[in-house]
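All remarks here apply to the structure that follows.
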Amino acid sequence: MSLALESRLAAIVGEKRVLARPSELRVYESDGLPGYHHAPRLAVFPATRDEVIDVVRLLAETKTPYVARGAGTGLSGGALANGVVLLGLHRLKRIISIDVENCRAVVEPGVVNANLTAATAPLGLHYAPDPSSQTACTIGGNVSENAGGPHCLKYGVTLNHVIALTVILPGGEIITLGNPDGEDDGIDLLGAFIGSEGCFGVVLDVTVRLVKNPQAIRTLLADFASVDSAARAVSAIIASGIVAAALEMMDAPTIHAVEASIYAAGYPTDAAAILLIELDGPLAGLEEDVARVEKFCLDAGARGVRIATDAADRARLWQGRKKAFGAMGRVSSHLVVQDAVVPRTKLPAILAEIGRIGVARGLTVCNVFHAGDGNLHPNIPYNANDPVESAHVHEAMREVMEACIAAGGTITGEHGVGLDKLPYMASLFTPSTLTAMCTLRTVFDPEQRSNPSKVVPIHSCREWHAAPSARP
Amino acid sequence: MSSSAEISALIADARARRMPLRLTGGGTWLDAGRPCDASETLSADTGVVTYEPGDLVLTVRAGTPFSEIQRVTNANDQWLTLDPFGVTTGTLGATVATGSWGPLASAFGVPRDHVLGCEFVTGAGDIVRAGGQVVKNVAGFDLVRLATGSWGTVGMLTEITVRVRAKPEEDCTLAIAAGSVGAVADWVRASVHTPLAAEFLSPALAQPLTGSADASLLVRLGGNSPLVAAARNAAAALGDSRVLPANVWSKLAGIEQPGAIVFRVSAMPARIAHVWARALELTEMFGGVAHATVSRGVVRCILPPGESKELPQMLAALSAEMTLIGERLPASLWPLATRARSTDTLARGVRHAFDPDSILNPGILGNT
Ligand SMILES: Cc1cc2nc3c(=O)[nH]c(=O)nc-3n(C[C@H](O)[C@H](O)[C@H](O)COP(=O)(O)OP(=O)(O)OC[C@H]3O[C@@H](n4cnc5c(N)ncnc54)[C@H](O)[C@@H]3O)c2cc1C
């Protein structure tokens, strides 16, 4: 059976593009989140849209479960294909069109996020969602995770930038979500698809909105002697109504990791926390906003605020932030990367709570996050080969998640549920809500073959016990 | 007006009796004319549930009218940046359910861009709580987007959480003798400024709103005072301008008379001049008015009440050329504003899964 499938897949994409040997498949055991290792049974790498269509239709015909994969930078284990077929899309990397007049582009799913912005930069445009992984992750992966990034505070997340998608459903049917030729109406299936983590179908192409580059940019680095005063500065800026393009926080352990790495950005190593704040837009009125933000920081207790002197200085400040996860990776053998959101007024309290949880378990928590959105990333470097330390990390993470839920927050702001957050879904959503999610998935994928066993814990759904038609 | 538990019981009861329900907000849209085959009505309750100004997040019961939302947010110098056409007795629930938007969509987007969470009751009586109260959230499949714009067909909205914003320090509205919609579109595309709203008005609409006998641009500029001053200077390049009181926007929102025929046409934004020309030709022929939301490439047409022999044919021609979306139409014209799409089967599947016996606003989205 497997042999037959392998050779039929090879007939579509060529023999070299189907991997079946365990040694070849090892690379695809994990995504960006270390800690989970599940090898696929086969991996197939189409190069063209037609090949993807033929592959998906063959998988439908043979009722084979599969998992789509972009660059594999996901941080929730979403792209792992445990014993099923892995469908790699990174070879579909063509920018199909760039339409300056309508400020949009059409891209294949494997286009790397930063490559789109690089291609549109000479035209004075960019693709706004900018995950820190943007030099590696794909637009198809971004759509599936509804990816965010530092600048999503002002510009919005992937959802707000996708005009239309062409999708092949798990059953093999090709549909267009959204309306590329005007206004859309009716049930927002495009919105429902974005962030569906590969469970609703495979993205064949994406029509995205491009944004004008701002006339002027000011990047500020504010230096605080306590995490609490940095958090209070964030709350003050948000409440003032000034919409920063980005508002990011890093605490002392993160600063130390960055400054000890090749990404050293000149952050003050004696600070308890720093804020990286960017304001952009028309030049008129910008300096006034900069002055107000500076004052909010100083009033909250900042020791100093420095403004990037030029583009190179600004790039260096950002490089430290965007490569912070990588820098932490050097600190120890393993790193758990967390993702949760709290209401922004709760930031001071939740950061204090996370600090307490870390101390109680003898762990170092590195906080580097999108403070303006209340989107936390408390990360813990540790040694996964030490069972006692691993157990502590696991417990600490559970406590952090519970604290965020108790604060009125959520368990993921941008990395998705995947495998990693499954255990928390039932704490956040009612059984009826989880059932509704299962129901929606079943409409797109009646056989539940597309990225099986991810996102919604199946045992929490009533559908699992009774098919929709059998319900009273 | 009922609580979620009561609504759940009412829906379950209606389902047991196979009695279709017409879901309503403030009832201001009942005359939208969308054919809906239901005799009993059900409406959501009202009231603010939570409002934390420091978080810029507001949760209300779905039947809460805009006037009430404005009252509570105003007290904190904040606003909900949704301004759907119609009167302020309209409810947030109806706005979200219908995906309705107004001029502020130029800068802030439509309901799907504002809603952070919602509660709805499915046609099976299940109470679903989707999304949350935070501004960023990807936990699970996006049932919030599913409910937004679904016209109640996946569930009766009972509670909604939206992001609100601080009001701009200055908020200034200008009427500009801009000449052509094409010139305005070029300006919007090239300018460093992003107006809060920019509506191009047909001459017959400009007359009552701005006093001008020519087509005019109504533009709303917001921000701190140096920014607004610079934007005003920049906009002056489009033509003579005059400051208008902000209530011109509510006049525009309420311009249509009862029974008017209202629809929107759109294409890719760069085709706005063509869409405008076609829409204007038709509107003027029937003695109506039109306005274009320039940055979104959408033209909204308002025709006086009354059916005519030529209108169906002309609308059919228009919809063959561009996207036609009905807002308020006589029942006979709805089929013209319903286009076939590759997602029709999927949409039907969603409706059937969430409302297995078709009791929620049956027929309201047409046959597709
Ligand atoms: C250092 C680092 C920093 C990061 N920073 C951010 C950040 O700031 N913001 C943020 O949001 N994320 C961030 N991430 C997470 C990750 O980069 C994003 O989730 C990204 O969108 C994943 O893209 P990918 O191409 O790697 O997708 P993958 O990891 O390959 O896949 C992710 C999911 O998408 C599905 N999928 C992929 N392609 C398709 C397709 N064509 N059709 C259907 N489904 C598909 C997969 O099945 C899987 O469920 C970061 C990751 C790393 C390692």
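The values are calculated or read from the model by the stated rules, or taken from the named source; none is laboratory data. Source: prediction; values computed, not measured. As a convention, Cβ positions derive from the backbone with ideal geometry for all residues, glycine included, and neighbour counts pool all protein chains shown. SASA here: full protein model, heavy atoms, side chains in, ligands and nucleic acids out. Shrake-Rupley method; radii C 1.70, N 1.55, O 1.52, S 1.80 Å.
For an R0 of 41 angstrom, estimate the FRET efficiency from the Cβ-Cβ distance between B:Ala277 and A:Ile96 and round to the nearest 0.05. Approximately 0.85, to the nearest 0.05. Computed with a 1.4 Å probe on the full set of protein chains, the accessible area for A:Leu123 sits at about 90 Å². Between the Cα long axis of helix B:181-190 and the first principal axis of chain B there is an angle of about 80°, rounded to the nearest 10. In chain A the longest region clear of GluC sites (Glu not before Pro) that are loop-assigned by DSSP and have at most 13 other C-beta atoms within 10 Å covers A:102-446. Between B:Asn233 and A:Glu259, the distance separating the two model label sites (each 7 Å from Cα on the Cα→Cβ line) works out to 4.3 nm.
Pairs exceeding a 19 Å alpha-carbon distance, out of A:Lys212/A:Lys295; A:Lys154/B:Lys136; A:Lys154/B:Lys167; A:Lys93/A:Lys322: A:Lys212/A:Lys295; A:Lys93/A:Lys322.
Take the Cα of A:Ser240, step 7 Å toward its Cβ, do the same at A:Val27, and the gap between the two points is 4.9 nm. About its Cα centre, the dipole of the range A:2-88 is roughly 60 debye, where the only charges are +1 on Lys and Arg Cβ and -1 on Asp and Glu Cβ. At a probe radius of 1.4 angstrom, the accessible area of the protein assembly as shown per residue rounds to 35 square angstrom. Label zone of B:Asp357 (point 7 Å out along Cα→Cβ, amide N under 18 Å): in the range B:125-143 this covers B:125-127. Placing R0 at 51 angstrom, the Cβ-Cβ distance between A:Ser453 and B:Arg17 gives a FRET efficiency of 0.85 after rounding to 0.05.
If the label point is 7 Å along Cα→Cβ of B:Ala5, which residues in the range B:124-141 have backbone nitrogen under 20 Å from it? From the range B:124-141, the list is B:124-130.
Between A:Thr135 and A:Glu395, the distance separating the two model label sites (each 7 Å from Cα on the Cα→Cβ line) works out to 3.9 nm. Computed log10 I(q)/I(0) for chain B at 0.08 Å⁻¹: -0.41, from the Debye equation with unit scatterers placed on every C-alpha and solvent omitted.
This model, with +1 at the C-beta of Lys and Arg and -1 at the C-beta of Asp and Glu, gives the range B:262-352 a dipole about its Cα centre of some 400 debye.
Rounded to the nearest 100, the interface formed by chains B and A buries 5800 square angstrom of accessible surface, both chains summed, with a 1.4 Å probe.
Length gained on full extension, B:Val49 to B:Asn247, computed as 0.36 nm times the residue gap minus the Cα-Cα distance: 68.4 nm. Kindly work out what percent of the DSSP beta bridges joining two residues of the protein assembly as shown are antiparallel, to the nearest 5. The antiparallel fraction comes to roughly 90 percent.
Burial annotation for the range A:276-295: residues with an accessible-area loss of at least 50 Å² between the isolated chain and the complete set of protein chains, computed on heavy atoms with a 1.4 Å probe, are A:Pro282, A:Ala284. Screening chain A for whole DSSP H helices of 24 Å or more along their axis (Cα) with average Kyte-Doolittle hydropathy at least -0.5 returns A:387-406. The portion of the accessible surface of the range A:215-331 made up by carbon and sulfur, rounded to a whole percent, is 56 (1.4 Å probe; DNA, RNA and ligands excluded). Helix B:344-354 axis versus longest C-alpha principal axis of chain B: approximately 50°, rounded to the nearest ten. With the cut-off at under 12 Å, measuring from each backbone N in the range B:304-343 to a point 7 Å along the Cα-to-Cβ line of B:Gln257 picks out B:304-306. Under the criterion of Cα pairs below 8 Å and six or more residues apart, the relative contact order for chain B equals 20 percent.
Relative to the longest principal axis of the Cα atoms of chain B, the long axis of helix B:272-285 lies at roughly 80 degrees. Between B:Arg189 and B:Asp240, the FRET efficiency from the beta-carbon distance, with R0 = 22 Å, is close to 0.50. For the peptide A:426-437, the mean number of other protein chain Cβ atoms found within 10 angstrom of a residue's Cβ is 6.
The P(r) of the range A:95-212 has a tail past 19 Å containing 41 percent of all C-alpha pairs.
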